[in-house]
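Notes follow the structure.
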Amino acid sequence: MAIIDAPEKAQSFGQRGKQKLSDLCYGKRVIVKVVSTDRYGRSVDDLDLAVKLSYFLL
């Protein structure tokens, strides 16, 4: 996701970060906007909920 600096799953706190994002998003409708592609070919996305996810993670 764009704007959020979160650890990869294998890094310290990676699983906790993944779980927190899952808790915020699961079961909700989101609008996904592809912002760019990273060097590994993965899409970098902006997710739009009722509020921006990045505000919860600061």
Scan of segment 20-31 for residues that are open to solvent by 100 Å² or more (accessible area, probe 1.4 Å) and over 11 Å from the mean Cα position of the chain (by Cα), ordered by number = 26, 28, 29, 31
inquiry  = Restricting to segment 1-33, give me the number of residues that are free of Cβ contacts under 8 Å to residues at least 12 places away in the same chain and of a type in the set (Val, Ile, Thr).
reply    = 0
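The values are calculated or read from the model by the stated rules, or taken from the named source; none is laboratory data. In this text, all values refer to a predicted model and were calculated from it rather than measured experimentally. Note that each Cβ is placed from the backbone with ideal geometry, even for glycine, and that neighbours are counted across all protein chains shown. The area values use the complete protein model at the heavy-atom level, side chains included, leaving out ligands, DNA and RNA. Shrake-Rupley method; radii C 1.70, N 1.55, O 1.52, S 1.80 Å.
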